[in-house]
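Colleague: Quick one: the structure is below, and I'll ask about it shortly.
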Amino acid sequence: MNAQHRRQFLRAAALSGFGGSMALVGHAQDSPKVASDLVTSDAQSAIDGGLEYLAKHQESDGAFRDKNNGANVAVTALAGLAFLAGGQLPGRGKYGAAVARAADYIVSRGGSGNKVGYLQNTDAFLAHGAMYQHGFGSLFLAEIHGTFPDPAKQAKVRDMLEKAISLIVKAQNREGGWRYKPEPEDSDVSVTVAQLMALRAAKNAGIFVDKSVVDKCVEYIKGCKLPDGGFMYQKGRPATGSLLPRSAAAIVGLYSAGIYEGEIIDKGLKFLMRYLPSGQRNNSDMRADYHYYYGHYYAALAMWTAGGSYWNEWFPAIRKELLAKRSNFSGWDDPNNGTAYATAMACIILQLPNNYLPIMQK
């Protein structure tokens, strides 16, 4: 299957048989020539090494581990997305088996705890990460929806995805956001965006999502904006300030809700451009390096969707920086979350020009 046909297959799979009722998020470019120009030979070599590293470090049950807490649904989902961003599909391609095993693991976690459909690892419960696991796990299941050659496996994935989305909807708090636990209590913009992306991807795959859920979420994100164009961590707490990771996530969240224009987008993108990768950041402000891979994952998604000069300036800069940060074991490392996490994030970013991820197409 060549690159163009694989894009078409993934696009059709995202909408297969279920009449996806919301347009896909969007992309900057959709030309194989542009992709080949941006995914340079050095970048492709790094990607190949990264994907091979991930495949070799997948657990027998399909999971990937974080640095400190063992098997992790979010890291597994990100690794799965990294394979998918390279055109790998369940049972198809060099790493097709790895993608399928990742899906099996995530589906299995949804039936392992007290809450059916709750995608997190009960063996290594993270008080500050459970709904992150759930959000990224739901996003991955939505992205591979419709790609399984086995109808029974496809039905199983759809069933778990429906349960996972239902849990997200029930856990939304009165402000419109989510936080660490699957309960309608407090909220923050970071966890909220993880759930909103999952909702968007699921709706693209034909899962019903009430518009009021998305509208409330948008109001929450907008309520976190700050005068400098960035976003605070929690609504009503401006003292937390604007940081690259949460601000990039907020812009992607708004894009996921179909908001592509307006002052909040314009100011947000200009804020992100303050952190254009260059290798020469002001040492007095290390905020851009806090949650490095998380922040640049969302920043790259934001710039890809913005397109134009934003994308054309940002991608070569982050590509250069990621290639320089690559470790000598063919992957990347993050001191807080480990090598599988960092390698998956880096590979997703570097492969965005391929335009394989359904949620990044339109």
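The values are calculated or read from the model by the stated rules, or taken from the named source; none is laboratory data. This is a predicted model, so every value here is computed, not measured. Using ideal geometry, Cβ is built from the backbone for each residue, glycine included, and neighbour counts are taken over all protein chains shown.
Colleague: Return only the number of the condition from (1) within 25 Å of Ala97 (Cβ to Cβ); (2) at pLDDT 50 or above; (3) surrounded by fewer than 16 Cβ atoms within 10 Å (Cβ to Cβ); (4) not basic (Lys, Arg) that Tyr53 does not satisfy.
Modeller: Looking at each condition in turn, Tyr53 falls short on (3).
Colleague: When residues of region 177-187 are filtered for being over 24 Å from Glu143 (Cα atoms) and either in contact (Cβ under 8 Å) with a residue 24 or more places away in the chain or buried (at least 21 other Cβ atoms within 10 Å of the Cβ) (or both), how many remain?
Modeller: Pass one, region 177-187, residues over 24 Å from Glu143 (Cα atoms): 183-187.
In the following step, the residues that additionally are either in contact (Cβ under 8 Å) with a residue 24 or more places away in the chain or buried (at least 21 other Cβ atoms within 10 Å of the Cβ) (or both) were identified as 186-187.
Going through region 177-187 one residue at a time, the tally reaches 2.
Colleague: Mind checking which residues of region 64-104 are in a helix (DSSP H, G or I) and small (Gly, Ala, Ser)? Spell out how you get there, then give the answer.
Modeller: So in region 64-104, the residues in a helix (DSSP H, G or I) come out as 73-85, 96-104.
Matches in region 64-104: Ala74, Ala77, Ala79, Gly80, Ala82, Ala85, Gly96, Ala97, Ala98, Ala100, Ala102, Ala103.
Colleague: Looking at region 332-361, which of its residues are touching a His at 6+ places or on another chain (Cβ under 6 Å) and not in a helix (DSSP H, G or I)?
Modeller: Asn355, Gln361
Colleague: Continuing with this model, one more query. Mind checking which residues of region 56-83 are surrounded by 22 or more Cβ atoms within 10 Å (Cβ to Cβ) and either in contact with an Asp or Glu (Cβ under 6 Å, 6 or more places away or on another chain) or at positive phi (or both)?
Modeller: Gly62, Asn72, Val75 - these are the residues of region 56-83 that are surrounded by 22 or more Cβ atoms within 10 Å (Cβ to Cβ) and either in contact with an Asp or Glu (Cβ under 6 Å, 6 or more places away or on another chain) or at positive phi (or both).
Colleague: Return the total of residues in region 244-281 being part of a loop (DSSP other than H, G, I, E, B) and either within 17 Å of Ser187 (Cβ to Cβ) or not aliphatic (A, V, I, L, M) (or both).
Modeller: From region 244-281, those part of a loop (DSSP other than H, G, I, E, B) are 257-262, 274-281; that's our starting set.
With the extra rule that they be either within 17 Å of Ser187 (Cβ to Cβ) or not aliphatic (A, V, I, L, M) (or both), the set shrinks to 257-258, 260-262, 274-275, 277-281.
Residues flagged as part of a loop (DSSP other than H, G, I, E, B) and either within 17 Å of Ser187 (Cβ to Cβ) or not aliphatic (A, V, I, L, M) (or both) within region 244-281 amount to 12.
Colleague: Let me ask another. Would you list the helices (runs of 4 or more DSSP H) that sit entirely within region 115-218 and hold 1 or more residues that are more than 20 Å from the chain's Cα centre (by Cα) and aliphatic (A, V, I, L, M)? Working first, answer last.
Modeller: Numbers: elements: 130-144, 151-171, 189-204.
Per the criteria, 151-171.
Colleague: For Leu161, work out the one condition from (1) modelled with pLDDT of 95 or more; (2) farther than 18 Å from Val209 by Cβ it doesn't fulfil.
Modeller: (2)
Colleague: Six or more apart or on different chains, Cβ atoms under 6 Å: show the pairs whose first residue is in region 90-103 and within 13 Å of Phe140 (Cα to Cα) and whose second is assigned to a helix (DSSP H, G or I) and of a type in the set (Ser, Thr, Tyr).
Modeller: Close Cβ pairs satisfying both conditions: Ala102/Thr76.
Colleague: Out of Gly135, Gly117, I need the residue that is small (Gly, Ala, Ser), under 14 Å from Ile207 (Cβ atoms) and crowded, with 18+ Cβ neighbours inside 10 Å. Which one? Working first, answer last.
Modeller: Numbers: Gly135 fails: under 14 Å from Ile207 (Cβ atoms).
After applying the criteria, what remains is Gly117.
Colleague: If you take the residues in region 146-176 that are over 17 Å from Ala201 (Cα atoms), touching a residue at least 40 places away in the same chain (Cβ under 8 Å) and among the basic types (Lys, Arg), which one is surrounded by the fewest Cβ atoms within 10 Å (Cβ to Cβ)?
Modeller: Taking the candidates together, the pick is Lys156.
Colleague: Here is a further query. Output the residue which, of all residues in region 305-330 that are small (Gly, Ala, Ser), part of a loop (DSSP other than H, G, I, E, B) and in contact (Cβ under 8 Å) with a residue 60 or more places away in the chain, is nearest to Ala248 (Cα to Cα). Walk me through it before giving the result.
Modeller: Residues of region 305-330 that are small (Gly, Ala, Ser), as a first pass: 306-309, 317, 324, 327, 330.
The next check asks that each one be part of a loop (DSSP other than H, G, I, E, B); those that pass are 307, 327, 330.
Restricting the remaining residues to those that are in contact (Cβ under 8 Å) with a residue 60 or more places away in the chain gives 307, 330.
Details: Gly307: 15, Ser330: 27 Å.
Only one residue tops the list, namely Gly307.
Colleague: Taking the criterion of being buried (at least 24 other Cβ atoms within 10 Å of the Cβ) and farther than 22 Å from Leu301 by Cα, would at least one residue in region 194-202 satisfy it?
Modeller: No, because not a single residue in region 194-202 is buried (at least 24 other Cβ atoms within 10 Å of the Cβ) and farther than 22 Å from Leu301 by Cα.
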